[in-house]
């Protein structure tokens with residue numbers, strides 16, 4: 001039985017271009033090649049592998065065969081691996097970045113962010129830093145849109161195509177209200193009580209959170225895009241809501257907010273991930289930033305009885 005040959009990267013790239021554009025002609029335009037060259041490249045790849053990748057009969061649009069569909073994922077994995085290799089070598093050749101754009105989730109403890117950035121300024125005095133502090137899916141959007149080279153995102157980064165991630169700790173999210181709020185005055189909160197009162201909900205306008213809610217119990221909500229505004233409104237007794245515990249710990253001590261012992265909503269663990277584009281790995285300074293967030297996050301303690309948000 002004959003063994004399949006070894007295809008070239010150019011042949012795989014041609015194959016993927018036909019799949020992604022839907023035709024040999026469109027693939028030729030993308031790769032700036034004649035249609036005959038595209039057709040020849042695919043034919044050579046099929047000869048190398050010993051299988052037919054496209055059904056060219058009965059349709060002007062080439063259709064993947066069973067074998068073509070089976071090999072598509074492997075071809076993409078090889079192409080992504082080569083892209084990652086080239087991008088990493090490019091970063092090594094270029095050396096230290098002149099500027100780093102960093103996007104961080106607003107839930108990240110401010111003390112941790114300040115500690116890392118102070119050390120960054122000392123470690124890389126010649127590197128300019130641009131900091132974006134956003135909520136929810138906006139971190140992933142900034143990285144994917146190349147407005148930030150690295151980010152510290154919440155759990156929405158998991159499973160996003162084209163994004164690499166590494167665990168970077170977590171923070172507890174707990175339900176709170178002002179002491180004069182009806183929920184704050186209850187010595188024992190019955191199940192379902194949170195649904196009767198306005199819940200303050202953090203939101204953003206990224207495509208990753210469109211039409212989605214997170215830890216929303218009440219049908220009566222106020223949507224806010226700013227965590228600081230949510231914090232202020234909670235202290236004013238406008239509603240109840242979930243907040244990162246490190247941020248409101250001083251309020252709990254001072255009595256300006258109270259933690260709600262809600263039997264059906266004890267809170268949850270909000271996990272952070274360091275993220276970057278798969279085809280644009282971070283340079284030395286940006287990698288150092290990610291390493292610091294990962295190292296500090298490794299010491300985060302999780303509260304018992306909390307599931308992941």
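The values are calculated or read from the model by the stated rules, or taken from the named source; none is laboratory data. These numbers were taken from a predicted model, which means no experiment stands behind them. Cβ sites come from the backbone with ideal geometry, for glycine too, and all protein chains shown count toward neighbours.
Can you tell me which of 224, 234 is free of Cβ contacts under 8 Å to residues at least 60 places away in the same chain and touching a helix residue (DSSP H, G or I) at 6+ places or on another chain (Cβ under 6 Å)? Going through 224, 234 in turn, just one is free of Cβ contacts under 8 Å to residues at least 60 places away in the same chain and touching a helix residue (DSSP H, G or I) at 6+ places or on another chain (Cβ under 6 Å): 224.
Condition test on residue 200, is it closer than 18 Å to residue 173 by Cβ, surrounded by 15 or more Cβ atoms within 10 Å (Cβ to Cβ) and at pLDDT below 85? In short, no. From the list 114, 81, the lone residue that is under 25 Å from residue 163 (Cβ atoms) and either in a loop (DSSP other than H, G, I, E, B) or under 23 Å from the mean Cα position of the chain (by Cα) (or both) is 81. Scanning segment 95-109 for residues that are in contact (Cβ under 8 Å) with a residue 60 or more places away in the chain and within 20 Å of the chain's Cα centre (by Cα) yields a total of 7. Could you say whether any residue in segment 1-15 is modelled with pLDDT under 80, in contact with a helix residue (DSSP H, G or I) (Cβ under 7 Å, 6 or more places away or on another chain) and over 25 Å from residue 284 (Cα atoms)? Within segment 1-15 (the criterion being modelled with pLDDT under 80, in contact with a helix residue (DSSP H, G or I) (Cβ under 7 Å, 6 or more places away or on another chain) and over 25 Å from residue 284 (Cα atoms)), the answer is yes, since at least one residue qualifies.
Sort out for me the strands (runs of 3 or more DSSP E) sitting completely within segment 117-188 that have 1 or more residues that are surrounded by fewer than 23 Cβ atoms within 10 Å (Cβ to Cβ).
Values: elements: 128-134, 150-153, 163-177.
The qualifying strands (runs of 3 or more DSSP E) are 128-134, 163-177.
Annotation: of all residues in segment 121-141 being in contact (Cβ under 8 Å) with a residue 40 or more places away in the chain and closer than 23 Å to residue 271 by Cβ, the one that is nearest to the chain's Cα centre (by Cα) is 140. The helices (runs of 4 or more DSSP H) falling completely within segment 1-54 that include 2 or more residues that are over 21 Å from residue 80 (Cα atoms) map to 24-31, 35-49.
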